[in-house]
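What follows is one structure encoded as structure tokens, with my remarks underneath.
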Amino acid sequence: MNRPRTIIEKIWDAHVVCQDSGAPALLYIDLHLVHEVTSPQAFDDLRRRGLRVRRPNLTLATADHNVPTTDRSLPITDPISAKQVAQLEKNCAEFGIPCHSFSSRCQGIVHVIGPELGLTQPGMTIVCGDSHTATHGALGALAFGIGTSEVENVLASQCLLQRKPQTYRVQVDGVLKPGVTAKDIILALIARIGAGGGTGCVFEYCGSTIRSLGMEERMTVCNMSIEAGARAGLVAPDDTTFQYLYGRPFAPKGKDWETALALWHQLPTDEGADYDKAVTIRAEELEPMITFGTSPQMGIPITAPVPDPTKAVDALERDSLTKALAYMDLEPGKPLIGHPIDVVFIGSCTNGRLVDLRAAASVLKGRKVHPRVRTLIVPGSQEVKRQAEAEGLDRIFRAAGAEWRESGCSMCIAMNGDQLKPGEYCVSTSNRNFEGRQGKGGRTFLASPLTAAASAVKGAVADVRTLQ
Amino acid sequence: MNKFTTFQSRLVPLPVDNVDTDQIIPARFLKTVSKDGLGDQLFYDWRYDAEGKPRPEFILNRPEAKGAQILLAGDNFGCGSSREHAPWALTQFGFRAIISTSFADIFRQNALKNSLLPIMVPRDVHAELFRLVERNPDIEVTVNLADQKLILPDGRVVEFPIDAFSKQCLLEGVDELGYILKREAAIAAYEARRILSINTLSQA
């Protein structure tokens, strides 16, 4: 009998094209997603070398990072942004790559539209010039972010040189308490193992809690794997996965579906397979999480006080915490609950899908956002927007006093017009609280859509469980 | 890619853990469609104030940083976004190596593709380098990639790890794409033997 393997090793082994002694493996890529920000230099270099795109039919582009989320019938007003989006369209036309650009019905955040279109499938290797590519791991794919040189490598050869990653099992068992969500699981993991805890590894999320999550919630978990240092994170496919995929535009049909299903059933980790590392989390012990600092690892249960840097053991850690609290202008030992905020952002590839908008709507229905708080609700894609509107969520948001926007990365990356002003505080459902991430001088508290919506109502950081 | 040669340089200390690529180059500078001009935007929000004037206290603005080719930084350097603009900005500023206790995976890969050497050292050496440079900003260390050695001012030698393939690519100035394209026959054979149809997008 063959040695038991993890799903990570199975996908890896099936994609190794060849490997020279002492060199990294040449790994075949099944799906390459491209966006406007990290691709122009790669296309330029292809032209310079006189190369073509090897498999344009395994490549898909969209414009998401640098597009405004205002009225889609109007052109992009920022000339530099407009030029970058136009460049993407030109590059895709020249190299024969399908492109859902700014005005497409299928436009959206690249990590939202891949699964939505049924392009993301179990057992695939998927790359994109974006670190949140791990999102696609929710469907049992090995998906990771790459730099622009690697984008060029994949465009030209459909392959990447990669070293085999270590395997890291993240076991989450038990039942989540009310008010605790997928976002809180991943924020708790990052707080526990640190921003570099998963370096060199791919996470496999398993256990009864992960199994009980829907596909979109699994995407939230996998999405932030990179915030714990892991380039990829995945969940073995199961009936939840297959039901999600069935009937989607690019999912296999008829006899092909049966063939695919048989292959997908072989993917889950074999009994007795070894992992290089492992961590266990009990779902009952989790509280709604929020970050207080400028690294996603600086997360605490929402009821806990802000940590005291003087209690850090290591000098560099103490300095980093002190620097973070100075930037955030927060006092150690005080709770975050009740801390006034200026903006709430609900959206992004982490929490910009339909279940996230439903969660926010469940809080905002019949309530008003605090008059001081600007609340942006940004669907992850045009399809998410249509679905939300069909359910009437947009009317709930507008009635509550929130802004209902067009799809894109928006205030998660703040290079598209949606941004914080210096000094502003924001409760955000996005993935990074780095200094200036949401706008120069802006201060970010990362949290779930439930916590964000509750905070919008209170005008301050709030615990959704105690909302009147 | 240029061949990576042995060099001697002063160190620029940046004693912060988890320096993310948004600090190395903020997202608003990513609207460019070229690789040029990024060196001026390196660490922009730490380097310049709201009016765009250099903050005199920030290390890159101090006279001792001028001409230095090595950045000495905290744990998990380069975490966050996959933007290759980060190593582009660092190399355009003049850095050729970064010393830390650990590097984020994607940044490390991106750096190696741009002749920027990530040097991983043990915690005690890391802490001592910060002490040495604090005492005397003019100290110099030597980076010898061929022998994988970092030579301290007092002559002590610290070996650092790097995989043989990356080392050879750096020393010979070979870029990966050239290497990959020579495997065309293997790639075509792989495509031919795949069981499941991978013409995903052709259904469109």
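Does region A:304-315 contain any residue that is within 30 Å of A:Pro4 (Cα to Cα) and without any contact (Cβ under 8 Å) to a residue 12 or more places away in the chain? Within region A:304-315, none of the residues are within 30 Å of A:Pro4 (Cα to Cα) and without any contact (Cβ under 8 Å) to a residue 12 or more places away in the chain. Scanning region A:149-192 for residues that are within 14 Å of chain B (Cβ to nearest Cβ), under 21 Å from the mean Cα position of the chain (by Cα) and within 27 Å of A:Glu9 (Cβ to Cβ) yields A:Glu150, A:Val151, A:Pro165, A:Tyr168, A:Ile190. Take the conditions buried (at least 21 other Cβ atoms within 10 Å of the Cβ), of a type outside the set (A, V, I, L, M), at negative phi and touching a strand residue (DSSP E or B) at 6+ places or on another chain (Cβ under 7 Å) and apply them to A:Gly137. Does it pass? When the stated conditions are applied, A:Gly137 passes them. Among the residues of region A:342-351, is there at least one that is part of a loop (DSSP other than H, G, I, E, B) and not basic (Lys, Arg)? Yes, the conditions are met somewhere in region A:342-351.
In region A:242-251, of all residues being more than 26 Å from A:Arg5 (Cα to Cα) and not small (Gly, Ala, Ser), the one that is nearest to the other protein chains (Cβ to nearest Cβ) corresponds to A:Phe250. Answer with yes or no whether A:Arg372 is assigned to a helix (DSSP H, G or I) and either under 22 Å from A:Lys183 (Cα atoms) or not hydroxyl-bearing (Ser, Thr, Tyr) (or both). No, not satisfied. Listed here are the strands (runs of 3 or more DSSP E) enclosed by region A:1-40 that have at least 3 residues being touching a residue at least 24 places away in the same chain (Cβ under 8 Å): A:25-28, A:31-35.
In the set (1) touching a residue at least 24 places away in the same chain (Cβ under 8 Å); (2) of a type in the set (D, E, K, R); (3) under 24 Å from A:Leu60 (Cβ atoms), A:Lys253 fails one condition alone, (1). Per this entry, A:Ile210 is not counted among residues that are away from every other protein chain (no Cβ under 14 Å), closer than 21 Å to A:Gly347 by Cα and at pLDDT 95 or above. When you scan region B:17-38, do you find a residue that is under 15 Å from B:Gln92 (Cβ atoms), of a type in the set (Gly, Ala, Ser) and assigned to a loop (DSSP other than H, G, I, E, B), even just one? Yes, because at least one residue in region B:17-38 is under 15 Å from B:Gln92 (Cβ atoms), of a type in the set (Gly, Ala, Ser) and assigned to a loop (DSSP other than H, G, I, E, B).
Filtered by the rule that a residue be among the acidic types (Asp, Glu) and in contact (Cβ under 8 Å) with a residue 60 or more places away in the chain, region A:73-100 gives a lone residue, A:Asp78. Got at least one residue in region B:52-59 being closer than 25 Å to B:Gly74 by Cα, buried (at least 23 other Cβ atoms within 10 Å of the Cβ) and modelled with pLDDT of 95 or more? No: zero hits. Among what's in region A:132-146 and is small (Gly, Ala, Ser) and touching a Pro at 6+ places or on another chain (Cβ under 8 Å), pick the residue that is nearest to the other protein chains (Cβ to nearest Cβ). Among them, the one singled out is A:Ala141. When A:Gly129, A:Gly114 are screened for being within 12 Å of another protein chain (Cβ to nearest Cβ) and under 16 Å from A:Met219 (Cα atoms), only A:Gly114 passes. Every test in (1) more than 13 Å from chain B (Cβ to nearest Cβ); (2) surrounded by 22 or more Cβ atoms within 10 Å (Cβ to Cβ); (3) of a type in the set (Asp, Glu) is passed by A:Asp394 save one, and that test is (2). Going through A:Ala260, A:Ala228, A:Ala283 one at a time, which residue ends up being crowded, with 19+ Cβ neighbours inside 10 Å, closer than 21 Å to A:Pro449 by Cβ and within 11 Å of chain B (Cβ to nearest Cβ)? The match here is A:Ala228. Within region A:402-431, residues that are farther than 23 Å from A:Thr181 by Cα and more than 11 Å from chain B (Cβ to nearest Cβ) reach partners that are in a strand (DSSP E or B) and among the charged types (D, E, K, R) with beta carbons closer than 7 Å, at six or more positions or on different chains, in the pairs A:Glu424/A:Arg443. Taking strands (runs of 3 or more DSSP E) as the structural unit, those lying wholly within region B:102-204 and holding at least 2 residues that are touching a residue at least 40 places away in the same chain (Cβ under 8 Å) and surrounded by fewer than 18 Cβ atoms within 10 Å (Cβ to Cβ) correspond to B:140-144. Taken across region A:289-299, residues that are assigned to a loop (DSSP other than H, G, I, E, B), within 27 Å of the chain's Cα centre (by Cα), among the small types (Gly, Ala, Ser) and closer than 23 Å to B:Gly80 by Cα do occur, with at least one present.
Take the conditions (1) of a type outside the set (Ser, Thr, Tyr); (2) in a loop (DSSP other than H, G, I, E, B); (3) away from every other protein chain (no Cβ under 14 Å); (4) surrounded by 22 or more Cβ atoms within 10 Å (Cβ to Cβ); B:Leu71 misses just one of them, which is (2).
From the list A:Val313, A:Val355, pick out the single residue that is assigned to a loop (DSSP other than H, G, I, E, B) and not assigned by TED's automatic domain parsing to the domain that holds A:Gly229. Testing whether each residue is assigned to a loop (DSSP other than H, G, I, E, B) and not assigned by TED's automatic domain parsing to the domain that holds A:Gly229 leaves just A:Val313. Exactly one residue out of A:Thr69, A:Thr62 is hydroxyl-bearing (Ser, Thr, Tyr), in contact (Cβ under 8 Å) with a residue 12 or more places away in the chain and under 19 Å from B:Ser81 (Cα atoms): that is A:Thr62. When the residues of region A:107-119 are filtered to those that are farther than 18 Å from A:Ser410 by Cβ and in contact with a Leu (Cβ under 7 Å, 6 or more places away or on another chain), which remaining residue is surrounded by the fewest Cβ atoms within 10 Å (Cβ to Cβ)? By that ranking, first place goes to A:Gly118.
Mind listing just one residue for me: the one in region B:34-61 that is more than 14 Å from chain A (Cβ to nearest Cβ) and in contact with a strand residue (DSSP E or B) (Cβ under 9 Å, 6 or more places away or on another chain) and, of those, farthest from B:Asn136 (Cα to Cα)? This residue is B:Pro54.
For region A:33-88, the tally of residues that are of a type in the set (Val, Ile, Thr), at the interface with chain B (Cβ under 8 Å from one of its Cβ atoms) and touching a His at 6+ places or on another chain (Cβ under 7 Å) stands at 2.
The values are calculated or read from the model by the stated rules, or taken from the named source; none is laboratory data. Since the structure is predicted, the reported quantities are computational estimates derived from the model, not experimental observations. A quick note on method: Cβ atoms are made from the backbone with ideal geometry, for glycine too, and the neighbour counts reach across all protein chains shown.
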